[in-house]
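The values are calculated or read from the model by the stated rules, or taken from the named source; none is laboratory data. Just so you know, these numbers come straight off a predicted model, no measurement behind them. Ideal geometry is used to build each Cβ from the backbone, glycine not excepted, and the neighbour counts take in all protein chains shown.
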Ligand SMILES: [Zn+2]
Ligand SMILES: [Zn+2]
């Protein structure tokens, strides 16, 4: 196996160095680790992440393609129940042979590159999973949310309703009913 103990997503790529066209297929599973999260969705540090990748030696470096999947935790944005969210991210990243050969972005940060004979898959896995995290998770697409008056979860209580006992609301209801009656009685003018 070409993985380093304790760091399943750091891969020893010695076999691919200086061998254009050579490739390796790997399935790696390890704990998600810290900071795989947004303000809304969190992947627990010990949650398993599985990555299936192909590492391909090309002229400019090592091309990584594949996918990573795991499960995050969130609360439903309508009813606040806990929800588990399956996440699957596509990976496509070109690692330069060295820091010196890495492309530098507008902020002066070097792009992906090998660290000696090691290729660290954690950054693209983390970035890819974060991109897949929904902004407003739902427990189900038709979640009815909570009652605006008492906070009850409406999916648990489909017939949920409140009597309006406030006399002001009763007066308004009566007025509305009158208006609707009037509209119904007025003949249409064409
Ligand atoms: Zn919900
Ligand atoms: Zn209610």
Residues located in the range 78-100, provided they are touching a helix residue (DSSP H, G or I) at 6+ places or on another chain (Cβ under 8 Å) and within 16 Å of ligand 1 (Cβ to nearest atom): 79
Output the number of residues of the range 136-157 satisfying the condition of being within 7 Å of ligand 1 (Cβ to nearest atom) and closer than 24 Å to residue 38 by Cβ. 5
Taking the criterion of being in a strand (DSSP E or B) and in contact (Cβ under 8 Å) with a residue 12 or more places away in the chain, would at least one residue in the range 14-22 satisfy it? no
So which of 84, 78 is over 19 Å from residue 16 (Cα atoms) and more than 15 Å from the chain's Cα centre (by Cα)? 78
Residues located in the range 41-73, provided they are closer than 20 Å to residue 7 by Cα and in a loop (DSSP other than H, G, I, E, B): 43, 44, 45, 46, 47
Name the one entry in 105, 73, 46 that is within 16 Å of ligand 1 (Cβ to nearest atom) and either modelled with pLDDT of 95 or more or surrounded by fewer than 18 Cβ atoms within 10 Å (Cβ to Cβ) (or both). 73
